[in-house]
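Participant: Below is one structure. I have some questions about it.
The values are calculated or read from the model by the stated rules, or taken from the named source; none is laboratory data. Values in this document were obtained by computation on a predicted structure and should not be read as measured data. With ideal geometry, Cβ positions are generated from the backbone for all residues, glycine too; neighbour counts draw on all protein chains shown. Just the protein is used for accessible areas: all its heavy atoms, side chains included, with ligands, DNA and RNA removed. Shrake-Rupley method; radii C 1.70, N 1.55, O 1.52, S 1.80 Å.
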Amino acid sequence: MSEDINVGGVLEALNGKVDIDFNNAAANIDYVVESYNDGNNWYRVYKSGWIEQGGVNVAKETTVNLLKPYNSKNYVVQVTFNNSSSQNGTYGVNASSKTSTSFKFITSSGSENIMAWYACGQGA
């Protein structure tokens, strides 16, 4: 059984819903203006300058160089790691180990960890 598709009707229904120009969006509406993902690291930059970014590393001590810099070290970082010891969990990063372009993380277990990290804050 075949059904006819009204292509004109489909295009009419999609009119104004695809490729919307956000230049005239209300000031309080934020949206992604730039993004990146290489499979291990990613980021999203919003119209307001807000940046979310994250990645995965395998290490027991590592300095993570952020893909996008923040305007200060007052951004939030959360690190989740998993290893064979009881040190599994989610942790914040000490502010003394943060700069606007990097943070350092050291585990107390002494073994390598699969470390997933997420950071968010105002961009530079």
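Results for (1) in contact with a Cys (Cβ under 9 Å, 6 or more places away or on another chain); (2) farther than 14 Å from Trp117 by Cα; (3) assigned to a strand (DSSP E or B); (4) touching a residue at least 12 places away in the same chain (Cβ under 8 Å), shown as yes or no for each residue.
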{"site": "Asn28", "(1), (2), (3), (4)": "no, yes, no, no"}
{"site": "Glu34", "(1), (2), (3), (4)": "no, yes, yes, no"}
{"site": "Tyr43", "(1), (2), (3), (4)": "no, no, yes, yes"}
{"site": "Ser48", "(1), (2), (3), (4)": "no, yes, no, yes"}
{"site": "Glu52", "(1), (2), (3), (4)": "yes, no, yes, yes"}
{"site": "Asn57", "(1), (2), (3), (4)": "no, no, yes, yes"}
{"site": "Thr62", "(1), (2), (3), (4)": "no, no, yes, yes"}
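Participant: Could you look through segment 38-61, keep only residues that are under 15 Å from Val79 (Cβ atoms) and more than 13 Å from the chain's Cα centre (by Cα), and pick out the one that is least open to solvent (accessible area, probe 1.4 Å)?
Facilitator: Ala59
Participant: Right, something else. Taking segment 71-97 as the region of interest, how many residues are open to solvent by 40 Å² or more (accessible area, probe 1.4 Å), among the aliphatic types (A, V, I, L, M) and modelled with pLDDT of 80 or more?
Facilitator: Looking only at that region, the number is 1.
Participant: A further question on this structure: Name the residue that is modelled with the lowest pLDDT, counting only residues in segment 98-124 that are open to solvent by less than 60 Å² (accessible area, probe 1.4 Å) and farther than 26 Å from Tyr46 by Cα.
Facilitator: Ser109
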